[in-house]
1. So how strong a dipole does region 58-372 carry about its Cα centre when Lys and Arg Cβ are +1 and Asp and Glu Cβ are -1, to the nearest 20 debye?
2. Under a point-charge model restricted to the Cβ atoms of Lys and Arg (+1) and Asp and Glu (-1), what is the dipole moment magnitude of region 4-48 relative to its Cα centre, in debye to the nearest 20?
3. How far, in nm, would the chain grow between Phe395 and His155 when pulled straight, counting 0.36 nm per residue and subtracting the alpha carbon separation?
4. Could you please state, rounded to a whole Å, how far the C-alpha centre of region 109-173 is from the C-alpha centre of region 375-445?
5. Can you list residues from other chains, or at least 5 along the same chain, whose modelled amide H is less than 5 Å from the amide H of His235?
6. Can you pull a Stokes-Einstein diffusion coefficient for region 309-445 at 25 °C (0.890 mPa s), Rh from Kirkwood over Cα pairs, as a whole number of µm²/s?
7. Tell me whether region 58-372 comes out rounded, prolate or oblate; compute the Cα gyration tensor, take square roots of the eigenvalues as a ≥ b ≥ c, and use a/c under 1.5 as the rounded threshold.
8. Determine the alpha carbon to alpha carbon distance for each of Lys231/Lys282; Lys112/Lys150; Lys119/Lys150; Lys150/Lys202; Lys298/Lys320 and list only those over 26 Å.
Amino acid sequence: MADYDLVIRAPRAITLAGEVPRCVGVRDGVVAAIELLEADLTGEQTVQLNDDEVLLPGMVDTHVHVDEPGRTDWEGFETATRAAAAGGITTIIDMPLNSVPPTCTVEALEVKRDAARGKCHVDVGFWGGAIPGNLNDLRGLHDAGVFGFKCFLLHSGVDEFPFLNEDQLEEYLAVLRTYGALMIVHAEDSKAISRAPDPYGKRYANFLASRPRGAENVAIAHVIEAARYTKARVHLLHLSSSDAVPMIRTARRDGVMITVETCPHYLFFEAESIADGATEFKCCPPIREADNREELWKALDRGDIDCIVSDHSPCTVELKRREIGEFGPAWGGISSLEVALPAVWTQARLRGYTLIDVVRWMAERPAQLAGLQEKGHIERGYHADFTVFAPDEAFVVDPSRLHHRNPVTPYASRPLAGVVRSTWLRGQQVTGDNPQGHLISRGEA
């Protein structure tokens with residue numbers, strides 16, 4: 001009789017001990033042993049990794065718009081989770097908007113779970129939505145297992161998900177604090193955006209001017225003060241303005257419970273290189289200048305930014321309006337789920353960072369944010385979620401070969417470093433043929 005269901009022999013593995021050679025034994029979907037590479041572990045299945053491959057924990061992406069039901073022509077659970085697995089991501093948490101109905105009531109959560117059942121190639125959890133008028137729905141959603149609540153401080157882009165004003169934000173935070181729930185915030189100030197220039201024409205510079213750093217900075221200041229006053233936990237989504245980092249650092253020093261994410265596109269691209277009419281780069285908040293990008297990398301290095309997640313926000317090809325190339329009417333969102341890990345690694349290695357750093361930013365910290373206590377590490381007792389990654393192999397992004405529903409992404413034709421050779425979920429290799437992902441809830445992995 002074999003000791004384990006699966007044994008993986010990895011000359012290179014990222015564990016709590018760093019990058020080391022290890023033999024990993026898996027039983028019942030859980031890591032049961034981590035031994036020296038030469039250890040005599042026997043498995044029903046044994047996988048020997050090549051010298052150019054590194055065993056990583058599965059990545060955790062806490063910011064994904066799946067859009068099903070309601071806008072399934074934009075994306076869906078089958079396509080999004082297949083893309084996630086192809087990109088080495090084994091757990092995603094779905095955002096409450098862009099689907100119809102948005103996840104703002106327990107009934108809407110059940111509609112979304114019904115839509116997802118039997119379609120998921122990776123584990124999937126859900127955020128709830130905080131919108132005007134649903135304050136009394138939040139506790140029920142919390143008890144039903146959402147990982148926290150998302151709100152906007154300006155128009156969300158879809159009318160069925162309205163934003164909270166400053167007074168409502170404080171009111172909602174005060175209630176969420178009573179049961180320890182997390183509020184995640186799209187922080188751009190509606191008044192500042194309304195006073196900014198219109199995003200007219202094909203010039204990216206005009207679009208950038210329509211979403212100034214100041215709008216982000218002012219909104220973040222409001223979030224910090226609301227969290228300070230209410231003593232609630234808050235998380236800043238998709239930080240793009242490096243100007244806000246010093247006040248975030250000060251708030252943490254003062255005891256404000258605030259965490260921060262950024263996204264691969266803010267760390268990879270720079271505004272100066274975006275061509276006029278290239279609406280596939282439109283996202284909100286926007287991709288900013290090269291010097292801003294470098295400051296975001298420094299903030300990651302210092303720990304001022306906690307994690308990197310995709311903010312995969314897809315749409316149909318038509319909604320990107322490439323035929324007219326005007327940023328104003330184009331949908332704002334980056335499709336990047338499958339290429340997030342290679343994109344980050346491509347830029348991280350250029351700055352001297354290691355796979356240990358990337359795993360911390362893209363697996364460990366997002367799992368901590370969501371309270372996923374059995375994900376984000378290769379460690380005994382953790383789920384056997386693995387990414388087999390070839391960091392020195394390169395490829396050129398071909399949108400037609402990506403697994404998300406619509407073949408549009410700003411990474412098209414970009415050379416990236418790092419290829420995902422295989423992905424494993426709870427000890428089973430994800431092939432894309434048989435959906436085996438679980439629907440997960442807060443308080444469980």
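No lab work stands behind these numbers, since they all come straight from the coordinates. In this text the structure is predicted, and so the values were computed from the model without any measurement. Quick reminder, even Gly has a Cβ in these numbers, built from the backbone with ideal geometry, and neighbours come from all protein chains shown.
1. 600 debye
2. Working: 4 positive and 7 negative charges, 32 e Å.
Rounded to the nearest 20 debye, it is 160 debye.
3. 82.6 nm
4. 25 Å
5. Those lying under 5 Å, H to H, from His235 are Met183, Ile184, Val185, Thr259.
6. Answer from the Stokes-Einstein relation: 145 µm²/s.
7. Rounded, since a/c falls under 1.5.
8. Listed pairs above 26 Å: Lys231/Lys282; Lys150/Lys202; Lys298/Lys320.
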